[in-house]
Amino acid sequence: MKDPRWAALERAEPLLGSAFAEEGVTAVRFVAAFPALDSVGVWLCTTTDAERERLVNAPDVSARAARCLRDAGLNALDEADLATTVQSEETVARDYQGSWFYAMR
């Protein structure tokens, strides 16, 4: 049986994309190990390192991401259960041979 939290992540993806689009986020990726762990890793993907740096330095990124996840149905999630990472295509191409799989490991 599929954990229902995966469906919540599917609902959260467009919410997160919309919430961070003005700051250069072009894609959203997740790292989760449901049902073994309750935590979630959200990766906000930008095109450039400059966009990534601006977003990394924004004071409320994790709180905004957690709010989007709760709006999608992960009601028990709090910021302590959330790891928010901002990464750029530029860095992945340069440092990980273009592989998000290796970048996210």
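Just so it is clear, none of the values below were taken in a lab; they were calculated from the coordinates. Computed from a predicted structure; not experimentally measured. Cβ sites come from the backbone with ideal geometry, for glycine too, and all protein chains shown count toward neighbours.
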Amide H to amide H under 5 Å from Thr26: which residues, 5+ apart in sequence or cross-chain, H placed 1.01 Å off N in plane? Cys45, Thr46, Thr47
Report relative contact order for the chain in percent, whole number only (criteria: Cα-Cα under 8 Å, sequence separation at least 6). 28 percent
May I ask you to derive the FRET efficiency for Asn57 and Ala27 from their Cβ-Cβ distance with R0 = 30 Å, giving the value to the nearest 0.05? 0.90
In the chain, which helices (entire DSSP H runs) extend 30 Å or more along their own long axis, judged by Cα positions, while averaging at least -1.0 on the Kyte-Doolittle scale? none
